[in-house]
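The values are calculated or read from the model by the stated rules, or taken from the named source; none is laboratory data. Bear in mind that the values here come from a model prediction, so they are computed numbers and not experimental data. All Cβ positions, even for glycine, are placed from backbone atoms using ideal geometry, and neighbour counts span all protein chains on display. To get the accessible areas, we keep the full protein, side chains included, count just its heavy atoms, and leave off ligands, DNA and RNA. Shrake-Rupley method; radii C 1.70, N 1.55, O 1.52, S 1.80 Å.
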Amino acid sequence: MNDYAFYRLPDATEYHIIRGVAECMERPETIGGRCGFVLAPFTVAKDHPVVFIPATEVHVMNMHSTDNDQADSSHKERYCWDESENRCLYHHDFSLVHHSLDDGTADKVVLARRLCIKGRKEVDAVAAFHRACRRYPHQMVCLVSTTVSGTWLMATPEVLAEGSGQQWRTVALAGTMTTDGPWNAKNRREQHIVEEYVGNCLRRHATDVAHSAPRTVTAGGLFHLRTDFAFRLHGGEQALWKLVGDLSPTPAVCGLPKDRALEIILSSESADRRYYSGFCGPVAINGATHLFVSLRCMEISGKDVTLYAGGGLLRESIEEEEWKETEAKLKTMKDVL
């Protein structure tokens with residue numbers, strides 16, 4: 001039984017290990033009232049379907065604080081990558097997307113990129129999971145490995161939907177800065193677009209929807225704007241998956257109008273996102289479900305890793321600023337190496 005998921009919820013002092021034989025499905029609603037862990041891609045395809053690991057085995061482990069997570073100045077000797085090639089690809093993709101924004105066919109499009117890093121020795125995925133947990137205690141950290149998906153590590157700050165019974169919550173998270181404000185008009189508008197979209201989705205599926213004012217939060221050394229939503233969900237798991245299907249992908253990882261933004265992404269991005277910017281999390285473990293958007297992702301394959309990051313483009317976006325934003329986001333997983 002080689003398929004497994006390790007996960008540590010934000011601010012938790014323990015982590016879970018779920019083991020079972022992974023199953024492939026086209027839609028997560030076919031999970032059908034079972035317990036386990038779901039890993040869903042940005043868009044479902046033959047080589048990256050929705051993956052569900054049933055909770056055949058569940059182990060709860062205590063987190064142990066250690067002092068051996070110091071910065072390693074030798075990491076550049078063990079890993080290498082070609083930044084110039086990545087910059088050229090990003091320029092090409094940015095130009096295509098920005099043209100769609102200029103002609104008014106979309107209001108916002110999230111442009112993603114990946115960074116392929118060559119290593120000199122095989123990556124210890126479990127050790128990387130523990131390093132990520134120590135470095136990012138306030139984020140959802142998970143390591144998922146199946147024969148279908150490969151091995152993915154992520155440290156994500158963005159809740160898609162979590163709760164139990166009728167009590168649920170989600171967030172609208174957008175805007176990125178490396179310093180704590182002041183927030184410029186572009187970032188405020190980007191966050192407002194996401195907040196409005198999430199609110200409209202909730203009003204279609206839920207009742208008693210309440211939300212906070214936007215506030216600044218930190219994740220992996222970056223600052224974001226976040227609005228918290230609380231709501232009641234009637235109809236059990238079926239209602240949850242209908243809401244998830246409407247929410248995902250959110251404008252924070254796709255854009256608006258969603259269908260048009262998705263078309264632009266699939267025709268413009270040089271690399272397939274695979275499981276980056278989909279969602280993942282435990283389903284009905286101890287009676288609760290915690291689904292998070294799959295951000296700050298590292299795909300591990302033997303000695304090599306692929307990092308993924310993205311940023312929301314509006315008509316006023318400047319290419320060099322957006323590139324620097326993706327560089328800052330990639331640093332989250334570079335530091336784990």
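Whether a residue is modelled with pLDDT under 95, closer than 30 Å to D335 by Cβ, touching a strand residue (DSSP E or B) at 6+ places or on another chain (Cβ under 9 Å) and open to solvent by 20 Å² or more (accessible area, probe 1.4 Å) was assessed, and D180 passes this test. Selection within region 214-236: residues that are modelled with pLDDT of 95 or more and either surrounded by fewer than 21 Cβ atoms within 10 Å (Cβ to Cβ) or of a type in the set (V, I, T) (or both). The member of this set that is farthest from T326 (Cα to Cα) is R232. For region 300-337, a residue qualifies if it is in contact with an Asp or Glu (Cβ under 7 Å, 6 or more places away or on another chain) and closer than 18 Å to G221 by Cβ, and exactly one does: G311.
Those strands (runs of 3 or more DSSP E) of region 129-232 in which at least 3 residues are in contact (Cβ under 8 Å) with a residue 60 or more places away in the chain, within 25 Å of E319 (Cα to Cα) and among the hydrophobic types (A, V, I, L, M, F, W, C), considering only elements entirely within it, cover 167-177. For region 90-122, which positions are open to solvent by 30 Å² or more (accessible area, probe 1.4 Å), among the hydrophobic types (A, V, I, L, M, F, W, C) and not in a strand (DSSP E or B)? L96 - this is the single residue of region 90-122 that is open to solvent by 30 Å² or more (accessible area, probe 1.4 Å), among the hydrophobic types (A, V, I, L, M, F, W, C) and not in a strand (DSSP E or B). Test L307 against the stated conditions and say whether it is assigned to a helix (DSSP H, G or I) and either open to solvent by less than 10 Å² (accessible area, probe 1.4 Å) or farther than 25 Å from T178 by Cα (or both). So L307 does not fit the description; no.
For region 26-42, taking the residues that are modelled with pLDDT under 95 and over 12 Å from F279 (Cβ atoms), the one that is least open to solvent (accessible area, probe 1.4 Å) is identified as I31.
A252 meets each of the listed conditions (1) of a type in the set (G, A, S); (2) surrounded by 23 or more Cβ atoms within 10 Å (Cβ to Cβ); (3) assigned to a strand (DSSP E or B) apart from (3). Within the set T289, T332, the sole residue that is of a type outside the set (A, V, I, L, M, F, W, C), under 20 Å from P41 (Cβ atoms) and buried (at least 16 other Cβ atoms within 10 Å of the Cβ) turns out to be T289.
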